[in-house]
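Quick notes on the structure that follows.
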Amino acid sequence: MSTFGRLLSSIKGPEDIKNMTFRQLDDLCAEIRRELIGTVSHNGGHLASNLGVVELSVALHKVFCSPHDQIVWDVGHQCYTHKLLTGRYQEFSSLRQENGLSGFCRPEESEHDSFVSGHSSTSISAAFGLAKAKELMGDDSYTIAVIGDGALTGGLAYEAINNAGRSKSKLIVILNDNKMSISRNVGSIARHLAGIRSKPAYFRLKSRVEKAILKLPKAGVKIENGIIKMKAGLKNVLYGNTIFENMGFAYVGPVDGHNLRVLCDVLESSKEIHRPVLLHVCTVKGKGYIFAEENPKAFHGTSGFNIGTGNTEHADYSFSKRFGTSLCTMARTDTRICAITAAMASGVGLNEFAHQYRNRFFDVGIAEQHAITFASGLAKNGLLPAFAVYSTFLQRGYDQIIHDAALQNLKIVLAIDRAGLVGEDGETHQGVFDASFLHTIPNITILAPSSYDELDSMLKDAFYHYKGVVALRYPRGEQGFIPQDYHSQKQSYTFYGDPDAPNLIVTFGRLFSEACLARDILNKNGKAVCILKLNVVKPMDPSVFDKVKNFSSVFFYEEGMQEGGIGQSFGFQLYQVGFKGMFSLHALPDQFIPQSTVASALTHFELDAQAMAASVLQGEKTVE
């Protein structure tokens with residue numbers, strides 16, 4: 001726990017800020033920023049977005065009464081100040097650590113966390129559902145959705161706005177507009193918001209009207225609503241209706257998201273509007289930390305860093321960067337190759353591609369469904385699209401993979417980043433489902449490189465060797481241990497080690513490194529073992545089973561779900577060819593995987609080298 005700040009350390013819950021003066025609240029905001037910077041510099045996490053919503057978070061908890069009034073954060077990674085104000089200051093040093101505070105909203109963690117919010121664009125749907133349920137039960141409390149302008153590029157947000165705009169629910173949607181998502185915002189919505197922000201004539205008059213309004217005594221709901229209608233009319237003359245008003249919401253703003261007095265006044269006024277409200281708040285991403293303000297992308301999600309210099313501790317190279325480099329190399333000689341990202345260009349390694357091949361780079365916003373169907377259209381007319389996406393976000397486009405891509409057997413490369421365990425971001429971001437849900441779909445090939453060199457060759461094969469949709473899945477971070485005497489082979493599977501050994505370890509992807517380390521442990525103990533590495537996870541080459549059935553014991557290791565996973569399919573096919581030995585499947589259990597380091601998770605779920613070696617030794621005793 002940081003020692004910064006007597007005000008912050010005195011807060012046990014939101015009620016403790018209700019009677020603070022605005023001068024005290026300003027001091028509190030400064031303390032919160034120091035706490036955020038100090039904790040994230042040590043633990044890693046989402047810094048820039050949280051620095052941008054400090055005043056907004058304080059204003060929300062001053063004006064509303066959480067948890068009676070429910071607040072839904074979108075995306076939930078901007079909830080750090082909310083956590084500090086809701087009784088979690090003493091635990092804040094455990095943020096994103098094993099058994100510590102989550103970096104996202106978790107209802108299991110606090111009654112003030114109304115809804116899980118790790119993925120984007122969900123808040124308005126969730127908040128409208130919460131509000132409607134309270135309305136039906138006679139509860140007159142408010143429900144507030146805080147959604148970033150990046151999250152507002154997701155179609156789900158507009159489905160919810162369209163639905164909620166026809167209601168009379170006590171729903172307030174706060175648009176946190178910092179002109180950034182993870183990558184810079186793109187598209188018509190971003191331009192629409194920019195247009196709203198940039199009407200100087202309107203703002204000069206609006207400012208004068210606001211000052212006059214603040215001097216008026218409160219004379220009932222009718223006068224308040226009349227004033228708001230007058231302001232809306234003034235804005236409409238100078239600018240015209242916003243998209244939100246056209247969809248049934250009362251639009252208020254834009255307002256300065258770093259002026260606590262204004263925020264509190266506007267939030268109080270919004271409570272008196274008898275229909276859903278959209279409050280447009282303008283903030284600065286990274287506010288209060290110069291390095292984050294100057295480079296908000298770098299401090300969106302960061303590893304630990306030096307506070308004085310802003311230098312981060314992350315590795316210089318990764319599978320993501322290697323993918324981007326390899327794709328650029330291929331695009332140089334094939335003008336059909338293009339790249340798609342869902343607002344994650346930096347995270348998936350596509351910054352250089354975007355710079356070199358602007359006409360062939362498409363950032364579609366946080367819109368995975370659209371990305372896949374858009375890619376299908378590109379492929380249908382002869383291009384070679386690669387959609388680079390985190391595994392956890394790919395699942396948002398499942399129907400489009402089936403209906404729009406695979407059903408038509410279109411040539412699309414799904415570059416699945418962060419496949420497998422991801423570490424500190426926890427349950428909402430683990431990439432442990434993609435292999436399971438993809439391997440049941442016809443016309444899909446799944447490739448699993450274990451090294452940078454294999455990623456290069458498999459990416460080339462994905463474009464030119466295989467038909468239909470090709471999923472190329474690779475883990476977060478750096479390449480693991482690869483033995484010097486191991487040589488990648490361009491075939492669907494590779495045996496490595498003693499082919500006459502009685503024991504066989506079967507695996508794919510990152511776990512090949514753990515299997516090689518387990519082999520070394522076993523060899524030192526005088527035990528021979530062979531490793532089968534699946535390069536093509538789906539479809540499995542039928543010839544492999546005729547070879548595997550000759551081993552006495554087969555141990556399958558998978559960094560994915562056991563239920564419906566690759567291992568279950570492998571075991572089923574193995575027994576179909578007459579295997580008489582022991583088959584032991586080791587994968588993740590039927591549960592959501594909590595936050596920890598990747599290494600700790602591998603150890604906990606017995607998928608690391610030590611556990612593999614121990615399983616083989618125990619298996620030998622069982623067979624004996």
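The values are calculated or read from the model by the stated rules, or taken from the named source; none is laboratory data. As the structure is a prediction and not an experimental result, all values here were calculated from the model. All Cβ positions, glycine included, derive from the backbone under ideal geometry; neighbour counts span all protein chains shown.
Yes or no: Q479 free of Cβ contacts under 8 Å to residues at least 24 places away in the same chain, outside any helix (DSSP H, G or I), at negative phi and not assigned by TED's automatic domain parsing to the domain that holds I412? No: the conditions fail for Q479. Looking at T309, T302, T325, just one residue is at pLDDT below 95, more than 22 Å from the chain's Cα centre (by Cα) and outside the structural domain of G150 (by TED's automatic domain parsing), and that residue is T309.
Surrounded by fewer than 19 Cβ atoms within 10 Å (Cβ to Cβ) and farther than 25 Å from I401 by Cβ, is that true of G308? In short, yes. Evaluation of E293 against the conditions (1) under 26 Å from G52 (Cβ atoms); (2) at pLDDT 95 or above; (3) in a helix (DSSP H, G or I) shows that the sole unmet condition is (2). The number of residues in segment 553-595 being among the polar types (S, T, N, Q) and closer than 14 Å to G431 by Cα comes to 3. Condition check for E514 on (1) acidic (D, E); (2) within 30 Å of R106 (Cα to Cα); (3) in contact (Cβ under 8 Å) with a residue 60 or more places away in the chain: one failure, at (2).
Give the residues of segment 68-94 that are surrounded by fewer than 23 Cβ atoms within 10 Å (Cβ to Cβ), out of contact with any Pro (no Cβ under 9 Å at 6 or more places or on another chain) and part of a loop (DSSP other than H, G, I, E, B), sorted by residue number. Those that are surrounded by fewer than 23 Cβ atoms within 10 Å (Cβ to Cβ), out of contact with any Pro (no Cβ under 9 Å at 6 or more places or on another chain) and part of a loop (DSSP other than H, G, I, E, B): H68, D69, R88, Y89, Q90, E91. State yes or no: is F374 modelled with pLDDT of 95 or more, aromatic (F, W, Y) and over 20 Å from R473 (Cα atoms)? Criteria met by F374. The single condition from (1) part of a helix (DSSP H, G or I); (2) more than 28 Å from I441 (Cβ to Cβ); (3) aromatic (F, W, Y) that F551 fails is (1). Could you please find all residues in segment 415-436 being farther than 13 Å from S320 by Cα and either free of Cβ contacts under 8 Å to residues at least 24 places away in the same chain or not small (G, A, S) (or both)? Matches in segment 415-436: L421, V422, E424, D425, E427, T428, H429, Q430, V432, F433, D434. The condition (being among the basic types (K, R) and over 22 Å from F299 (Cβ atoms)) is satisfied by just one residue among K18, K83: K18.
Table: residues versus (1) closer than 21 Å to H258 by Cα; (2) out of contact with any Asp or Glu (no Cβ under 6 Å at 6 or more places or on another chain); (3) not polar (S, T, N, Q).
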site	(1), (2), (3)
S10	no, yes, no
I17	yes, yes, yes
M20	yes, yes, yes
R34	yes, yes, yes
N43	no, yes, no
H46	yes, yes, yes
H68	no, yes, yes
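Of the candidates E454, E424, the single residue that is acidic (D, E) and under 26 Å from V75 (Cβ atoms) is E424.
Among the candidates L517, L455, L522, the residue that is in contact with a strand residue (DSSP E or B) (Cβ under 7 Å, 6 or more places away or on another chain) and at pLDDT 95 or above is uniquely L522. Kindly indicate whether any position in segment 270-283 is touching a His at 6+ places or on another chain (Cβ under 7 Å), at positive phi and not in a helix (DSSP H, G or I). Within segment 270-283, none of the residues are touching a His at 6+ places or on another chain (Cβ under 7 Å), at positive phi and not in a helix (DSSP H, G or I).
For segment 433-452, a residue qualifies if it is in contact with a strand residue (DSSP E or B) (Cβ under 7 Å, 6 or more places away or on another chain), surrounded by fewer than 22 Cβ atoms within 10 Å (Cβ to Cβ) and closer than 20 Å to G477 by Cβ, and exactly one does: F433. Selection of first residues in segment 572-595 that are assigned by TED's automatic domain parsing to the domain that holds S553 and of second residues that are assigned to a loop (DSSP other than H, G, I, E, B) and of a type in the set (D, E), restricted to Cβ pairs under 7 Å at least 6 apart or on distinct chains, gives the following pairs, ordered by first then second residue: H586/E606; D590/E563; Q595/E98; Q595/E424; Q595/D425. Would you confirm, using the coordinates I've provided, whether S57 is farther than 23 Å from V284 by Cα and buried (at least 23 other Cβ atoms within 10 Å of the Cβ)? Criteria not met by S57.
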